[in-house]
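Structure, as structure tokens:
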Amino acid sequence: MFAEESPDWNPDDSSSIDCELCGEEPATMHLLRVVDGKVSHTHLCPRCAESVAEQTEGLALVLALPTVLRKGKNVPETTPYQPGQGRDQRFCAVCGTTASDLKESGLVGCPACYQTFREQLEAMVKRDVEAVEHLGKVPLRGPETDNLRHEMLRLERMLRELVAHERYEEAAGVRDRLAELGQRLQGSEK
Amino acid sequence: MTSATMTASAMLLARNDADRRFPQAEQPELLEELCFAVTGMLRDADWDRPWRVYELDEMSPIDLAYLVESGLMTPRFAEAGGEGRGFAVYGEGLASLEINGEDHLRLVGFRTGDGLEGLWSLLNSLDDRLETTVSYAFDPGWGYLSANPARAGTGLRVYATLHLPALMLTGKLATTGLELVNHGLSMAPLWGGAGGVVQVSNSARQQGPESEVVRLVSEVCSEIVEKERSVRKMLLRENPLQARDQIGRSLGLAQHAWTMTFAEAVNLISAAQVGLEAGLVEAPGLAGRSAFSLMTELQPAHIVIDHMDRKVGCLESNEIDEVRARLMREVFAGACVR
């Protein structure tokens, strides 16, 4: 059996709200308290969340504010092109999802939407993580170029970490391998 | 980690068809087509163990609740309706598959005790087989694609169910929850928090390989379990009289109540289990079985199907509480505090 999902947290239309306790810092934590089976929610800044957690008795559970799940309300208005129109007129040619559909529901309609709305989606999901890149399993039937790109993403991440740790000799090896894969990718895409 | 404190492992693996719109945006007939192709493959292909394909339209709310209580169906899938949905169970309950719920395909794995790595291995192999029929929506940067971009990535959600009554009693669960957030994990109460049973899962869009996510959840849970053990020892050492009193009162209720809600039963079993693990309780009826499996069997739909011959139409009936109390009396007959 699976526990109930934490509720989507849509307090209002603004993209951020203040801590309910100190009223100064932005609320980034979602404190969920369960007492005798009854659930209550409080929205706090990290510092207040920590002090409340220490003082709380009984079953109190602290969950991180699911910012990326706050559907729609915080999809950034990225309208670099079509200046003067005021609204983002983009839509997915495959499924017909529009930029305002995405803003409203937080959901995309089909795999092609990930290309059409790439900037918005990256801005929606990325905010707290360094980069959007997949390091897990890849489909067995994917084209070879997918596997190459995936391997290159993995190596790029490794390269950044090696440079950060000043392990330059190993980094040079990874860089050479990246260059080699880059050429293969170019060759297979021609 | 023993199965007494890490009580259950569960996993969800979401996939979508590259050639269709996501379920909430797709035409019903195209969802039906996908469901037909997948269920056909489940029935016909050569699998290590057989799949049982269910007809969702013919299932009663009690049948659906039974699957949810067994950990084979997610509550959201059971509650939602819509065209083209399908459901199947693999190997008599080793895993299951939800078709056209929030995602086109969602593999579900559940087992009692500590077995996350084994579950991932099973779901991974089932996933590979399903991929021979469905071409997965995948992007090298995003990973496996989903209607909700926040869920794009590995598509993997790992759940560990823990029994933490001592941490709950001493108010230490809140700080534990905060520590989990730092690991990108979250904690939620199972069964409204009754008995200190909680579920830890990966909440953020995890970027590491699946095996690392599984390892992270296992390691963090091991630390929590150790913390629970040391708090239990401290409670028993510093408050031996109160501890015996609480456990003894729980046994008294379990042996003599004639009506009992599910939450109360979970609380009593939880206290008895703490006493058993500390060597304070003798309970012949609990020998050789896990407290968690007993809790599972006392859920409403389990009682209606396993003990009432489906003769109750609603899961809120008082008769279920009566049967639950009888089952508790039988299990705890002869139990005592040493």
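Throughout, read-outs are computed from the coordinates displayed, never taken from laboratory work. Model, not experiment: these values are computed from the prediction. Using ideal geometry, Cβ is built from the backbone for each residue, glycine included, and neighbour counts are taken over all protein chains shown.
Just need the relative contact order of chain B here, percent rounded to a whole number, with Cα pairs under 8 Å and 6+ apart.
19 percent
Can you tell me the 0 to 90 degree angle between the C-alpha axis of helix B:318-331 and the longest principal axis of chain B, rounded to 10?
60 degrees
Among rounded, prolate and oblate, which fits the range B:183-326 when a ≥ b ≥ c are the square roots of the eigenvalues of its C-alpha gyration tensor, a/c under 1.5 means rounded, and a/b larger than b/c means prolate?
In terms of gyration-tensor shape, oblate.
If R0 is 35 Å, what FRET efficiency do you get for A:A172 and B:S211 from their C-beta distance, rounded to 0.05?
0.75
Any idea what angle helix B:28-44 forms with the longest principal axis of chain B, computed on alpha-carbon atoms, 0 to 90 degrees, nearest 10?
Helix B:28-44 sits at roughly 70 degrees to that axis.
How about B:K227: which aspartates and glutamates have a C-alpha closer than 19 Å to its C-alpha, ignoring those fewer than 8 places off in the same chain?
Correct list for B:K227: A:E50, A:E54, A:E57, B:D114, B:E179, B:E219, B:E238, B:E277.
Using only Cα atoms, locate the centre of the range B:293-338 and the centre of the range B:142-189, then give the distance between them in Å, rounded to an integer.
After rounding, the separation between the Cα centres reads 30 Å.
Whole-Hz ³J(HN,Hα) for each residue in the range B:83-95, computed from phi via Karplus 6.51 cos²θ - 1.76 cosθ + 1.60 with θ = phi - 60°, x for glycine and proline: what do you get?
Taking θ as phi minus 60°, the curve returns 7, x, 8, x, 8, 8, 10, 9, x, 6, x, 5, 7 Hz for the range B:83-95.
Compute the acute angle (0 to 90°) between the alpha-carbon long axis of helix B:240-256 and the principal axis of greatest extent of the alpha-carbon atoms of chain B; round to the nearest 10°.
Taking the Cα atoms of chain B, the angle to B:240-256 is about 70 degrees.
Give the cross-link partners of A:K137 among the aspartates and glutamates, using a straight C-alpha distance below 13 Å as the criterion and excluding same-chain residues fewer than 8 apart.
A:K137 reaches A:D146, A:E151, B:D127, B:D128, B:E131, B:D139, B:E210, B:E212.
Estimate the FRET efficiency between B:D306 and B:A80 by the formula 1/(1 + (r/R0)^6), using the beta-carbon distance for r and 22 Å for R0, to the nearest 0.05.
Calculated transfer efficiency: 0.25.
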